[in-house]
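Structure record follows, encoded as structure tokens.
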Amino acid sequence: MNELTKEWMEKAENDFDSANILLHIAEIPVPDTAAFHCQQCAEKYLKAFLQERRIRFKYTHSLILLLDLCLTQDKSFDELHDDLAQLENYSVATRYPGVTISLEIAEEGFRVVERIRYFMRMKLDVS
């Protein structure tokens, strides 16, 4: 595995851990920020896969655009479409006034990113 792939994965794991802490360990849950970190974890794992395959990508927050690039390498990524679509708007919407993420939605986002993380770690051959 190349070094940049490892860096993307480390950043993805930091986002996963941050979401977990914000939802399950913090004295008071912080759903908006946790949802943001769920989206970021998925985004960085997709970028890690693309980096490992040496596929160029723009620095985008669009999970669906990144998924389309992954699909050029491995059609099984199609099974992530619905989960990635669910997280798609958490990157920007959660950071601005007017949008509030409930604890229930953030918890569902965390369950979604757990599935994505498992899939991605298998594709990247990480236990």
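The values are calculated or read from the model by the stated rules, or taken from the named source; none is laboratory data. Keep in mind the model is a prediction, meaning the values are calculated, not measured. Glycine also receives a Cβ, built like all others from the backbone with ideal geometry; neighbour counts cover every protein chain displayed.
Here are a few things to note about the model shown:
- In the set (1) within 17 Å of V126 (Cα to Cα); (2) within 11 Å of the chain's Cα centre (by Cα), F49 fails one condition alone, (2).
- When each of I64, I101, I116 is tested for being within 17 Å of A48 (Cα to Cα), of a type in the set (V, I, T) and in contact (Cβ under 8 Å) with a residue 40 or more places away in the chain, the lone residue that passes is I116.
- A residue that is more than 20 Å from L4 (Cβ to Cβ), surrounded by fewer than 22 Cβ atoms within 10 Å (Cβ to Cβ) and more than 16 Å from the chain's Cα centre (by Cα) can be found somewhere in the range 104-122.
- Residue match in the range 17-33 (condition: outside any helix (DSSP H, G or I), farther than 15 Å from G109 by Cα and touching a residue at least 12 places away in the same chain (Cβ under 8 Å)): no
- Check on L84, touching a helix residue (DSSP H, G or I) at 6+ places or on another chain (Cβ under 7 Å), touching a residue at least 12 places away in the same chain (Cβ under 8 Å) and within 18 Å of R115 (Cα to Cα): yes
- Residue ID - modelled with the lowest pLDDT, chosen from residues in the range 40-70 that are basic (K, R) and over 16 Å from Y90 (Cα atoms): K58
- Taken over the range 1-12, the criterion of being assigned to a helix (DSSP H, G or I) and either modelled with pLDDT under 95 or surrounded by fewer than 17 Cβ atoms within 10 Å (Cβ to Cβ) (or both) is satisfied by E3, L4, K6, E7, E10.
- Residues of the range 52-77 that turn out to be farther than 28 Å from L23 by Cβ and part of a helix (DSSP H, G or I), as a count: 6
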